[in-house]
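Structure incoming, see below.
The values are calculated or read from the model by the stated rules, or taken from the named source; none is laboratory data. Bear in mind the structure is a predicted one, so any value in this text is a computation, not a measurement. Please note: Cβ atoms are built from the backbone with ideal geometry, for glycine as well, and neighbour counts cover all protein chains shown.
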Amino acid sequence: MSAATLARQFFDGANARDWGLIASIHSDDHVYHDPQGPPAGIGGEAMAAHLGFYVEALEGRWEVTQVVDAGEYATVRWTGRGTHGNDMIGVPATGRTFAVDAISLFRARDGRIAEHWCVWDTAGLMQQIGVLPT
């Protein structure tokens, strides 16, 4: 399975809150790289839990705007939209809505996601939910 196909499944699974699917499309030694966030842990179950935390805390939906397929790699431009409805890393729910842009790079190996690099507008999110000044 191509990295692009897996990337689309990743976002579809997140939007469906299908954590079993998310876990199953990641390799057992999957590594998630996110310079702004806490470590996700290793493997599919860890990634599913990490993603689930953010999706639930932000009551979010992830909209894919572009996928660039490069075989073993796929780059995805996406926007996360939602409402900060639950505690997120010590920040109590604010009820504010947000929209943040991001880019993810996925690497596939043996039909599963082996690595995922993600850079998203963390400061923009914090400003929109009222944690940082605009």
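Out of I89, I129, I103, I113, I need the residue that is at positive phi and of a type outside the set (G, A, S). Which one?
Every option except I89 fails the conditions.
Moving to a separate point now. Please note which strands (runs of 3 or more DSSP E) are completely contained in region 60-134 and include at least 1 residues that are polar (S, T, N, Q).
61-70, 73-83, 97-109
Looking for whichever is of a type in the set (F, W, Y), in a helix (DSSP H, G or I), in contact (Cβ under 8 Å) with a residue 24 or more places away in the chain and at negative phi here; the options are Y54, Y32. Which one fits?
The match here is Y54.
Same structure again: For region 63-78, check the following and say yes or no: at least one residue is modelled with pLDDT under 95, closer than 24 Å to V131 by Cα, crowded, with 16+ Cβ neighbours inside 10 Å and not β-branched (V, I, T).
Scanning region 63-78 turns up no residue that is modelled with pLDDT under 95, closer than 24 Å to V131 by Cα, crowded, with 16+ Cβ neighbours inside 10 Å and not β-branched (V, I, T).
Just for region 1-34: of the residues that are surrounded by fewer than 14 Cβ atoms within 10 Å (Cβ to Cβ) and aliphatic (A, V, I, L, M), which one is farthest from A123 (Cα to Cα)?
My answer is M1.
Between a first residue in region 5-21 that is in contact (Cβ under 8 Å) with a residue 12 or more places away in the chain and farther than 20 Å from A70 by Cα and a second residue that is among the aliphatic types (A, V, I, L, M) and assigned to a loop (DSSP other than H, G, I, E, B), which pairs have beta carbons less than 8 Å apart while being 6 or more apart in sequence or on different chains?
G13/I25
Of all residues in region 35-52, how many are crowded, with 17+ Cβ neighbours inside 10 Å and either within 12 Å of the chain's Cα centre (by Cα) or of a type in the set (K, R) (or both)?
5
Scan region 40-77 for residues that are in contact with a Leu (Cβ under 9 Å, 6 or more places away or on another chain) and either farther than 15 Å from A16 by Cβ or of a type in the set (D, E) (or both) and report the count.
6
Only one residue in A40, A7 is part of a helix (DSSP H, G or I) and touching a strand residue (DSSP E or B) at 6+ places or on another chain (Cβ under 7 Å), so which one is that?
None of the other options fit; the residue is A7.
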